[in-house]
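A short worksheet on the structure shown next.
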Amino acid sequence: MSETKKFQRFGKYLILDHLVDGGMAKICRARFLGEQANKMVVVKMVQPQFSDDEAFVRMFQDELNITFGMLHPNIMQVYDYGKINGQLYTAMEYIHGANLKQYLDRLKEKKVVFPVEISSYIISQVCLGLHYAHTFTDKLTGKPYNIVHRDISPHNIMLTYDGAVKVIDFGIAKANTNSEATQAGTIKGKLSYLAPEYLDGMELDARYDEFAVGITLWELLCSKKLFTASNDLAVLKQIQACKIAPPSSINPSVPKELDAIVLKALSKDRNHRYDNLDQMNRALVRFLYSHYPDFNASDLNTFAEDLFAKEIADDRTKFVEYGNLNTGLYIEEMKAEDKRVPKGAVKKESAAKVEERQKALELDLAIDNSQNAIEMETTDHSATRKLPRSSTTSQKGPSKNTKISPTMPGKKSEKETTSSRVVSKKDIDSDKEVSSSKSIIIIIIAASFAAIAYFQGELTEKNIGFNLHNMIHGEEKSREIAAIERTRTHEERKTAHSIEHYGKVVLSGFDVSMEVYVDGVKTDYVGSLKIILDKEANVVIKRSGYLPFSKTITLTKDLDSTVVVIPELERARTGLLTTSQNYTAGSKIIYEESGQMVEKPLPFKDMPIPEGTYQAKIVNPILGTEKKVEFQIEENKKHFLE
């Protein structure tokens with residue numbers, strides 16, 4: 001592998017290679033960049049066009065609602081999920097192995113069937129994982145999920161080369177957490193693994209998965225599909241009839257006791273099946289160790305290594321290469337992104353500071369100019385005018401109000417302390433009179449300012465950074481601090497004001513169909529939100545078709561983290577808005593919805609909007625046009641905007 005090869009970084013994951021490039025999602029092997037940098041995971045990245053599709057997002061979220069909380073050795077674990085750069089993703093346990101379908105295909109190539117004891121053990125482990133899912137309860141609410149996988153087949157049972165059994169893909173699982181019910185007439189799952197009650201339109205429960213488990217065990221023992229025909233209608237008729245041949249009639253090595261277990265799980269009447277998969281597991285374990293007392297789980301590891309020796313060897317070499325990658329550059333890049341200040345976080349703070357500094361600067365310049373003017377002298381003998389030395393000007397440069405005259409021909413540079421010209425005595429006397437008048441006026445102004453500064457010390461300290469009274473009467477420390485503050489450069493002050501300290505807000509109940517806004521700015525939510533300490537922040541959660549939820553939060557150094565529980569969002573009363581198709585490229589509509597400004601490119605069709613009357617404007621920055629419009633939305637009605 002080339003050392004110069006640049007790998008894609010996707011958030012906190014380094015993409016190593018692609019396992020599957022599907023039409024809806026891309027599944028990749030990846031390294032987790034962080035404290036567990038050597039951990040390999042699988043990242044499922046939804047294609048961008050589906051990440052914004054409302055129906056797909058709901059399906060994606062339904063799967064997450066089911067799998068994210070489950071933790072069982074026989075179920076693939078989901079570690080993380082979210083949206084990066086507008087793309088949905090999940091990070092899951094990497095299962096180094098193959099699915100049962102791949103095992104079956106490899107055995108057919110070798111003209112060998114699954115050993116009976118290994119088949120029984122695999123299905124017993126599947127029963128354990130599914131029973132856990134069927135009885136899974138949300139620990140935070142105490143409510144059962146009532147999960148039914150609905151897609152059990154050899155494709156969705158993974159065997160690691162180390163000998164572990166994992167149930168995967170709860171993508172079409174049925175549960176109480178599902179956002180929508182399955183539409184009538186829609187088939188969920190693979191046709192050959194449906195149960196008879198599905199065709200009868202009955203409500204599904206855990207025994208539906210049991211039937212699919214029974215089909216899978218039958219196929220392992222017989223090395224062929226149970227329900228197969230030339231067309232789908234014929235397959236459905238076979239399922240409806242549900243006439244199952246005992247496995248031993250095809251594979252004589254199958255004991256009669258195992259026949260009984262398989263046929264019970266495949267009963268047409270689900271009331272005749274095992275009450276749950278824990279009972280089926282117990283029956284399989286009793287059978288396994290009564291007929292194969294020397295069987296050990298490590299036998300599956302040996303079986304896998306013999307069957308997939310080449311794949312294991314190739315992967316071992318590849319993984320070592322992946323392990324030797326220098327991830328330091330990617331980690332530093334990731335940390336640099338994490339340290340970036342969120343948009344809008346500094347602007348509001350710095351605007352007031354800039355104004356305050358500008359006022360102080362103007363006052364400083366005014367004082368310096370007064371002092372400089374007092375220092376001016378004009379002599380009779382040489383007609384030489386002494387140029388002032390300004391500490392403020394030398395350090396900060398001239399202010400925007402300071403006029404700099406160009407050097408005249410024959411005139412010395414402004415860097416020199418004197419400049420000479422030939423004048424008449426009359427001119428000298430006139431200059432002296434003008435200079436004396438100006439000096440008197442300036443002295444009066446300066447004296448007045450000094451009196452105010454002395455007697456109103458606290459007031460002037462707020463405006464210009466020092467207290468004249470304290471300076472005269474011995475407040476040396478205050479004087480030094482004010483002097484230091486006045487001499488700081490603009491860049492130093494800017495840097496100081498840009499440093500913010502942040503706390504963390506975790507959103508409980510967040511799902512990827514939601515959008516997060518912090519102080520009106522849309523923010524990607526990946527695990528937590530960064531909130532500036534000692535500053536009130538308004539967090540708004542939005543979801544299409546629902547009323548927004550908002551929460552005002554103030555974090556401090558003592559309380560720098562908190563958890564915000566997002567309640568069940570209330571469905572919004574919405575209508576649909578469609579616009580004319582005649583808008584030119586670059587046009588967009590801007591309006592306020594639930595206290596937030598919304599911008600949508602034009603044209604669009606059937607966009608859901610909460611009911612109400614909206615004052616909006618249609619703008620085209622390219623053409624420089626703007627038009628005010630008003631539209632009204634009524635619940636469950638379609639509206640058209642010209």
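The values are calculated or read from the model by the stated rules, or taken from the named source; none is laboratory data. This is a predicted model, so every value here is computed, not measured. Glycine gets a Cβ as well: all are built from the backbone with ideal geometry, and neighbour counts include every protein chain shown.
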Of all residues in region 269-279 being in contact with a Leu (Cβ under 9 Å, 6 or more places away or on another chain) and crowded, with 19+ Cβ neighbours inside 10 Å, which is farthest from Gly163 (Cα to Cα)?
Arg273
Cβ-Cβ distance below 9 Å, separation of 6 or more or different chains: which pairs start in region 155-167 with a residue that is in the same structural domain as Leu128 (by TED's automatic domain parsing) and more than 19 Å from Glu210 (Cα to Cα) and end on one that is charged (D, E, K, R) and modelled with pLDDT of 95 or more?
Leu159/Lys166; Thr160/Lys166
First in region 619-633 and on the phi > 0 side of the Ramachandran plot and exposed (fewer than 11 other Cβ atoms within 10 Å of the Cβ), second anywhere and not β-branched (Val, Ile, Thr) and not in a strand (DSSP E or B), Cβ under 7 Å, 6 or more apart
none
Any chance region 512-519 includes a residue that's farther than 18 Å from Ala572 by Cβ, in contact with a helix residue (DSSP H, G or I) (Cβ under 7 Å, 6 or more places away or on another chain) and in contact (Cβ under 8 Å) with a residue 24 or more places away in the chain?
yes
What number of residues within region 250-303 are among the β-branched types (Val, Ile, Thr) and part of a helix (DSSP H, G or I)?
4
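Output the residue which, of all residues in region 125-145 that are surrounded by fewer than 17 Cβ atoms within 10 Å (Cβ to Cβ) and in a loop (DSSP other than H, G, I, E, B), is farthest from the chain's Cα centre (by Cα). Don't jump to the end; show me each part of the working.
Keep residues of region 125-145 that are surrounded by fewer than 17 Cβ atoms within 10 Å (Cβ to Cβ), which gives 135, 137-144.
Then drop every residue that is not in a loop (DSSP other than H, G, I, E, B), which leaves 135, 138-143.
Details: Thr135: 31, Asp138: 24, Lys139: 25, Leu140: 23, Thr141: 25, Gly142: 28, Lys143: 28 Å.
Here the residue is Thr135.
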Count of region 534-544 residues which are more than 17 Å from Lys522 (Cα to Cα) and surrounded by 14 or more Cβ atoms within 10 Å (Cβ to Cβ):
1
For region 208-228, which residues satisfy the criterion of being within 21 Å of Pro252 (Cβ to Cβ) and among the hydroxyl-bearing types (Ser, Thr, Tyr)?
Thr216, Ser223
In this structure, does Ile118 turn out to be among the hydrophobic types (A, V, I, L, M, F, W, C), in contact with a helix residue (DSSP H, G or I) (Cβ under 9 Å, 6 or more places away or on another chain), assigned by TED's automatic domain parsing to the domain that holds Phe211 and farther than 30 Å from Gly11 by Cα?
yes
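Taking the conditions exactly as written (closer than 30 Å to Tyr330 by Cβ and among the polar types (S, T, N, Q)), does Ser124 satisfy them or not?
Values: closer than 30 Å to Tyr330 by Cβ: no; among the polar types (S, T, N, Q): yes.
It is false that Ser124 is closer than 30 Å to Tyr330 by Cβ and among the polar types (S, T, N, Q).
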Just to be sure before I move on: is Glu257 acidic (Asp, Glu) and within 20 Å of Leu130 (Cβ to Cβ) in the structure I sent?
no
If you go through region 328-347 one residue at a time, do you hit one that is touching a Ser or Thr at 6+ places or on another chain (Cβ under 6 Å), modelled with pLDDT under 95 and of a type outside the set (Ser, Thr, Tyr)?
yes
Within the set of pairs 6+ apart or on separate chains, which have a first residue in region 109-131 that is charged (D, E, K, R), a second that is in a loop (DSSP other than H, G, I, E, B), and C-beta atoms under 6 Å apart?
Glu117/Tyr292; Glu117/Phe295
Taking region 280-321 only, how many residues are free of Cβ contacts under 8 Å to residues at least 12 places away in the same chain and either buried (at least 16 other Cβ atoms within 10 Å of the Cβ) or acidic (Asp, Glu) (or both)?
3
Met40 - would you say it is surrounded by fewer than 20 Cβ atoms within 10 Å (Cβ to Cβ) and more than 18 Å from Phe510 (Cβ to Cβ)?
yes
Of the candidates Leu329, Leu325, the one satisfying the condition of being surrounded by 11 or more Cβ atoms within 10 Å (Cβ to Cβ) and assigned to a helix (DSSP H, G or I) is Leu329
Leu555 vs (1) aliphatic (A, V, I, L, M); (2) exposed (fewer than 11 other Cβ atoms within 10 Å of the Cβ); (3) over 22 Å from Phe631 (Cα atoms): all pass except (2)
Please list, ordered by residue number, the strands (runs of 3 or more DSSP E) wholly in region 520-599 having 2 or more residues that are hydroxyl-bearing (Ser, Thr, Tyr).
549-553, 561-565, 574-579
